[in-house]
Amino acid sequence: MLKTRVLTALILLAILLPILFMNAFLPFALVTVVFFAAASWENFRLFGNSKPWFATVVWTAIYAFVIFVSGLPGVQKLFWLCIALWAVRFAPALGLGLPPLRHNGNRLLNATYSIAILGCFIAAAALFQHSPLYLLSVMAVVWIADIGAYFSGKAFGRRKLAPSISPGKSWEGAIGGWLLVLVCAAATTTAPMLADTFPTAVQQHFGWAGLMLVMTVIVAASIVGDLFESLLKRRAEVKDSSGLLPGHGGVLDRIDALIPVLPLAALLALWLR
């Protein structure tokens with residue numbers, strides 16, 4: 001399993017890193033269309049959609065139209081909508097639970113989560129247009145938080161963060177991931193070669209207190225995104241969103257924490273210009 005996981009990760013990096021640093025929007029956009037289609041298909045399956053392929057084609061066509069034809073119009077409104085959905089619907093669901101799969105409320109939730117995924121990918125495109133490094137720096141915050149949480153949880157984890165949703169996560173892990181993010185974000189601002197990164201832009205605009213606050217919100221949002229997808233999988237009684245990425249599960253399993261984070265970061269990036 002470990003060998004398969006490492007091999008899949010290396011293949012993904014071999015595809016994604018050259019595209020990021022080619023600094024060419026077209027190859028990046030084409031790859032994101034493929035990943036968006038995969039994430040959408042997994043999304044509709046988790047919600048028990050009777051025609052996941054049809055829904056996937058429709059939503060992928062919408063995403064492709066936005067990034068190839070319309071030129072990302074009105075992105076601020078979309079990002080605000082995504083943030084509102086996480087604040088008033090998805091985050092509260094971690095305590096209130098989800099509607100039954102055959103309930104009308106589930107169809108509405110599926111539609112709103114599909115909007116959140118759409119917003120995540122459009123935010124990725126908007127951040128890439130700023131610069132590939134800028135996009136990578138936002139994603140790195142989430143990855144660092146995840147890595148820090150894993151090792152802190154292994155070493156110190158005692159108090160369960162959400163035992164009924166994801167028993168493996170602990171408060172100690174979450175705090176460890178948050179502290180590692182703060183350290184890495186502060187270090188980023190001191191490196192001249194990382195001047196065009198999200199943490200550096202935040203620190204220059206809002207100061208050190210602002211950097212700490214924004215990184216804290218980003219880490220919290222990533223945890224909520226991770227837990228919400230775990231809640232969806234628990235309701236659907238599956239371990240992974242799919243088996244598309246051997247050793248890693250599905251695309252949603254890899255991007256769940258990014259879904260609430262990227263629209264938030266993209267909206268902040270618009271203010272920081």
* What shape does the chain have by the C-alpha gyration tensor, where a ≥ b ≥ c are the square roots of the eigenvalues, rounded means a/c under 1.5, and otherwise prolate means a/b greater than b/c and oblate the rest? -> rounded
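Show me 112-120, 92-100 ranked by packing, highest mean number of other Cβ atoms within 10 Å first. Mind dumping the intermediate values first?
On the way: 112-120: 21.2, 92-100: 13.7.
Highest to lowest by the protection proxy: 112-120, 92-100.
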* Structure fact -> Filtered pair list for the chain (Lys only, Cα < 30 Å, 8 or more apart or interchain) has a length of 17
* Structure fact -> Between the residues 113, 123, 137, the Cα farthest towards the positive end of the dipole of the range 92-172, that dipole coming from +1 and -1 charges on the beta-carbon of Lys, Arg, Asp and Glu, is from 113
* Set Lys and Arg Cβ to +1 and Asp and Glu Cβ to -1, take the dipole of the chain about its Cα centre, and tell me which of 232, 190, 13 lies farthest positive. => 232
* Run the quick spin-label model on residue 22 and residue 150: label points 7 Å from Cα toward the beta carbon, then report their separation in nm to one decimal. => 2.8 nm
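Can you compute the charge dipole magnitude of the chain about its Cα centre, using +1 on each Lys and Arg Cβ and -1 on each Asp and Glu Cβ, nothing else charged? Give it in debye, rounded to the nearest 20.
Roughly 660 debye for the chain.
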* For the charge dipole of the chain, defined by +1 on Lys and Arg C-beta atoms and -1 on Asp and Glu C-beta atoms about the Cα centroid, which residue among 74, 164, 223 has the Cα displaced farthest towards the positive pole? -> 164
* Report the full-extension gain for the segment residue 208 to residue 15: residue separation times 0.36 nm, less the Cα-Cα distance, to one decimal in nm. => 65.9 nm
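Express the accessible area of the chain per residue in Å², computed with a 1.4 Å probe while the remaining protein chains stay in the model.
Working: 13410 Å² over 273 residues.
With the other protein chains kept in place, the chain gives 49 Å² per residue.
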* To do: Please find the FRET efficiency linking residue 270 to residue 158, where r is the Cβ-Cβ separation and R0 is fixed at 35 Å, and quote it to the nearest 0.05.
  => 0.30
* Please report how far the C-alpha centroid of the range 204-253 lies from that of the range 49-87, rounded to the nearest whole angstrom. => 19 Å
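The values are calculated or read from the model by the stated rules, or taken from the named source; none is laboratory data. Note that the coordinates shown come from a computational prediction; the quantities given were computed from them, not determined experimentally. Backbone-built Cβ (ideal geometry, glycine too); neighbour counts: all protein chains shown. The area values use the complete protein model at the heavy-atom level, side chains included, leaving out ligands, DNA and RNA. Shrake-Rupley method; radii C 1.70, N 1.55, O 1.52, S 1.80 Å.
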